[in-house]
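One structure is given here, and the rest of the page talks about it.
Any read-out appearing in this document is the output of simple, stated calculations on the displayed coordinates, not a laboratory observation. Remember, predicted model here, so these are calculated numbers, not experimental data. Don't worry about glycine lacking a Cβ; one is built from the backbone with ideal geometry, like all the others, and counts go over all protein chains shown.
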Ligand SMILES: Cc1cc2nc3c(=O)[nH]c(=O)nc-3n(C[C@H](O)[C@H](O)[C@H](O)COP(=O)(O)OP(=O)(O)OC[C@H]3O[C@@H](n4cnc5c(N)ncnc54)[C@H](O)[C@@H]3O)c2cc1C
Ligand code: FES
Ligand code: FES
């Protein structure tokens with residue numbers, strides 16, 4: 001039987017309360033959101049804390065998807081299922097539903113949260129790749145107020161983020177730009193498993209020319225990383241199979257996969273290439289479909 | 001905690017998992033406990049109306065909330081149509097996965113009274129039948145949907 005080590009359970013009633021508790025208890029305390037990354041680690045005794053601060057009551061305040069003219073704001077306690085079912089996200093960022101359909105399984109998705117996924121900072125976390133692809137920024141709150149950090153700066157390394165000891169992630173913001181669409185694809189060994197490799201793409205067209213494009217990969221390096229070289233290649237070009245082939249080559253070359261039980265390095269590079277091509281292609285197709293509708 | 005409509009109060013350790021609270025503290029052994037790693041879904045119960053894997057939820061997290069287990073499926077001495085479907089269509093062999101499967105199926109039918117086979121398979125995709133009886137599980141859920149539609 002797997003049981004976590006002993007700890008004292010506390011329940012936060014507000015963001016300020018949670019931050020106050022973290023401030024007082026220091027690194028002996030940890031927040032628990034959905035608990036679907038943290039509790040398994042605690043059960044294996046890979047993580048032990050004296051205090052666990054349950055923030056699920058904050059879902060009332062931090063569980064939202066709000067569309068504004070310039071951006072979409074999503075609260076940190078928004079659960080996977082809410083992301084999957086959001087009509088606003090389907091319209092603006094179809095990449096979310098693509099990814100959520102293949103993250104874990106429906107019962108896990110009833111619990112796991114956006115904030116927990118990003119703060120876990122697992123290099124295979126699909127939502128981290130989605131946020132990187134969409135150029136999201138993270139709103140972090142501490143006792144001194146809030147600060148906004150880009151995805152590049154948010155992930156410091158595997159399982160390491162910019163969130164300080166007495167801080168918490170409260171919101172993730174996604175800039176809205178016209179003329180774009182997005183897609184996500186993942187290769188997994190079996191339904192509900194973590195990615196062998198996954199890729200997200202977002203692309204914007206103006207008068208038939210790519211005005212911007214972004215690709216984010218998961219499970220092929222220490223961080224879910226964006227690939228600026230691909231953006232530079234695509235900008236100002238017309239979409240074509242040859243172009244996406246080149247983008248795929250860059251993806252395969254610039255990632256750092258390791259051989260493990262999920263697959264060999266070479267295979268993962270091949271997937272990075274193929275999934276980059278497919279998601280770019282699908283994003284362009286979706287822009288076309290929307291124009292026709 | 002409200003369990004199957006009844007309020008229960010216990011003093012517990014923070015680290016006690018919901019599955020063990022239900023089985024050991026309350027004696028509700030209908031909820032099974034299998035992989036212990038949130039992969040098999042035999043421990044699925046409802047938390048505020050949504051199926052969750054109770055081996056990955058602290059009992060304390062469910063404090064003040066509503067939990068429903070397989071024991072709470074029957075109403076007024078009558079089995080839920082999902083339970084009847086599992087009997088009618090041989091939805092169980094050893095029965096180990098059954099409580100979790102039935103809780104997920106009930107939640108699915110409450111949201112979507114007429115699910116396709118693909119919908120049913122998707123709903124139970126985080127749950128493992130060690131006897132591999134998926135075809136009859138799907139048929140059982142379809143039977144329940146049809147029976148409810150006929151009523
Ligand atoms: C069987 C299974 C399969 C899975 N498969 C996948 C998959 O295919 N792809 C995938 O991407 N993920 C997968 N996951 C992970 C799942 O997405 C988790 O829900 C997610 O990683 C963590 O979210 P959580 O809310 O449960 O976080 P928790 O476990 O509650 O927290 C994770 C970490 O984040 C911290 N934290 C949480 N919220 C905040 C906050 N607001 N501010 C600061 N710190 C915070 C916690 O202190 C903890 O350190 C899987 C999980 C399971 C159990
Ligand atoms: S025992 Fe909970 S998922 Fe297997
Ligand atoms: S009936 Fe035996 S595990 Fe499903």
query = Once both axes come from the Cα atoms, what is the angle between helix A:241-254 and the longest principal axis of chain A, in degrees from 0 to 90, rounded to 10?
reply = 40 degrees
query = Just A:272, A:264, A:144 to compare: in a GNM of chain A, with alpha carbon springs under 10 Å, which one fluctuates most?
reply = A:144
request  = Would you look at the GNM of chain B, springs on alpha carbons closer than 10 Å, and say which of B:42, B:56, B:69 moves the most?
outcome  = B:56
inquiry  = From the mean inverse distance of alpha carbon pairs (Kirkwood) and the Cα radius of gyration, derive Rg over Rh for region A:59-175.
reply    = 0.93
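Given a cut-off of under 8 Å on Cα pairs at least six residues apart, what relative contact order in percent is computed for chain A?
15 percent
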remark   = With -39,500 (n - 2.57) per DSSP H segment of 4 or more residues and division by the full residue count of the protein assembly as shown, the 222 nm estimate, nearest 500 deg cm²/dmol, is -10000 deg cm²/dmol
ask   = Given springs between every Cα pair under 10 Å in a Gaussian network model of chain A, which of A:183, A:195, A:29 has the largest fluctuation?
value = A:29
note = Across 5 Å bins beginning at 0, the whole-percent shares of Cα-Cα pair distances in region B:63-105 come to 5, 21, 30, 23, 12, 5, 3, 1
task = Would you compute, for the Cα atoms of region A:1-116, the largest minus smallest coordinate along each principal axis and list the three values in descending order, in whole Å?
result = 45, 34, 18
request  = At 7 Å along the Cα-to-beta-carbon direction for both residue A:260 and residue A:68, put a label point, then send me their distance in nm to one decimal.
outcome  = 3.7 nm
remark   = Taking Cα atoms only, helix A:15-25 is inclined relative to the longest principal axis of chain A by an angle, in degrees rounded to 10, of 60 degrees
Theoretical FRET efficiency, 1/(1+(r/R0)^6), r = Cβ-Cβ of residue B:6 and residue B:35, R0 51 Å, to 0.05 = 0.95
Considering only region B:2-72, percent of DSSP beta bridges that pair antiparallel, nearest 5 = 80 percent
ask   = Which number do you get for Rg(Cα) / (2.2 N^0.38 Å) in the protein assembly as shown?
value = 1.02
key: Alpha-carbon centroids, region A:210-230 and region B:1-63: separation in whole Å   = 40 Å
ask   = What shape does region A:8-58 have by the C-alpha gyration tensor, where a ≥ b ≥ c are the square roots of the eigenvalues, rounded means a/c under 1.5, and otherwise prolate means a/b greater than b/c and oblate the rest?
value = oblate
ask   = Roughly what percent of Cα-Cα pairs across region A:172-291 reach past 26 Å?
value = 19 percent
note = Taking region B:2-72, the whole-percent share of alpha-carbon pairs separated by over 13 angstrom is 59 percent
Globularity index of region B:83-151, i.e. its alpha-carbon radius of gyration over 2.2 N^0.38 Å = 0.98
remark   = Semi-axes (Å, rounded, descending) of the ellipsoid equivalent to region B:1-137 per its C-alpha gyration tensor are 25, 16, 13
inquiry  = Please list the three semi-axes, largest first and in whole Å, of the ellipsoid equivalent to region A:138-192, using sqrt of 5 times the eigenvalues of its alpha carbon gyration tensor.
reply    = 27, 19, 10
query = To the nearest 10 degrees, how steeply does helix B:98-111 sit against the main Cα axis of chain B, on a 0 to 90 scale?
reply = 70 degrees
remark   = If N is the residue count of region A:222-293, its Cα Rg over 2.2 N^0.38 Å rounds to 1.24
